[in-house]
Amino acid sequence: MKMFFLGIAFPVLLFLLFPQLLWPVALWVLAAHVKFFYEIADWFFDSWLVTNLSVIDVEWNGFFHKSSSRIEFADIEEISWEVKGFLGTVLGFGNCEMVCANSKILLENCASPKKVELKVHELREKFLHEKKMTD
C-alpha cells in the first residue's frame with residue numbers, strides 16, 4: 001500500500017496540482033516501478049530447497065549478489081511460522097523461521113507457511129529416525 005501511494009498516487013496528485021512538473025513526476029513514477037520490480041524479484045528468487053538430508057537457503061540480494069547456505073537437519077533446533085495481518089490471513093501467506101546452532105534463517109512472505117513448517121519438521125524427523133537406526 002505504501003508503495004502504491006508513494007510511487008503512483010502521490011506523484012499523480014502532484015502532477016495534477018503542478019502540471020509543469022511532468023518530467024520529475026515521470027522520473028519518480030519510473031523509479032517507483034523499478035523499485036517495485038526489484039522487490040518482486042527479491043521475493044521471487046528467495047527460497048528454501050528441502051532435500052532428504054538438509055535445507056538449502058537460497059537468497060537473492062541484488063542483481064550481482066546471490067548466496068546459498070546449507071543447513072543439515074541435525075543442526076536445526078527450531079522451526080516456526082507466523083501469519084500477520086488481514087491480507088496474510090485471507091491470502092494464506094506469512095513467514096517461516098528456522099533457528100540453527102549459529103544462525104536464524106527467515107523465509108519471508110511464503111505461501112502456506114504452516115505447510116512449509118510441517119513438511120520440514122516431517123522430513124527432519126524422518127532423517128533423524130533413519131540416522132538413529134543406522135547408528
Set Lys104, Lys84, Lys115: member being without any contact (Cβ under 8 Å) to a residue 40 or more places away in the chain and either more than 25 Å from Lys131 (Cβ to Cβ) or touching a helix residue (DSSP H, G or I) at 6+ places or on another chain (Cβ under 7 Å) (or both): Lys84
Please state which one of Phe73, Phe15 is of a type outside the set (Lys, Arg) and either modelled with pLDDT of 85 or more or in the same structural domain as Leu123 (by TED's automatic domain parsing) (or both). Phe73
Return a yes/no flag: does the stretch 21-35 have any residue that is assigned by TED's automatic domain parsing to the domain that holds Lys114 and loosely packed, with under 11 Cβ neighbours inside 10 Å. no
Mind listing just one residue for me: the one in the stretch 87-114 that is among the charged types (D, E, K, R) and within 23 Å of Ser68 (Cβ to Cβ) and, of those, modelled with the highest pLDDT? Glu97
Of all residues in the stretch 87-101, which are among the hydrophobic types (A, V, I, L, M, F, W, C) and free of Cβ contacts under 8 Å to residues at least 12 places away in the same chain? Leu87, Val90, Leu91
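Per-residue answers, yes or no, for (1) touching a helix residue (DSSP H, G or I) at 6+ places or on another chain (Cβ under 7 Å); (2) aliphatic (A, V, I, L, M):
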{"position": "Phe44", "(1), (2)": "no, no"}
{"position": "Val50", "(1), (2)": "yes, yes"}
{"position": "Ile56", "(1), (2)": "no, yes"}
{"position": "Phe64", "(1), (2)": "no, no"}
{"position": "Glu97", "(1), (2)": "no, no"}
{"position": "Lys119", "(1), (2)": "no, no"}
{"position": "Glu125", "(1), (2)": "no, no"}
Does any residue of the stretch 25-40 turn out to be under 26 Å from Leu6 (Cα atoms), at pLDDT below 90, within 14 Å of the chain's Cα centre (by Cα) and of a type in the set (A, V, I, L, M)? yes
List the residue pairs whose Cβ atoms are under 8 Å apart, where the first residue sits in the stretch 41-62 and is at pLDDT 85 or above and acidic (Asp, Glu), the second is part of a loop (DSSP other than H, G, I, E, B) and surrounded by 13 or more Cβ atoms within 10 Å (Cβ to Cβ), and the two are 6 or more positions apart or on different chains. Glu59/Asp46
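The values are calculated or read from the model by the stated rules, or taken from the named source; none is laboratory data. Quantities reported herein were computed from a predicted structural model and do not represent experimental measurements. Glycine gets a Cβ as well: all are built from the backbone with ideal geometry, and neighbour counts include every protein chain shown.
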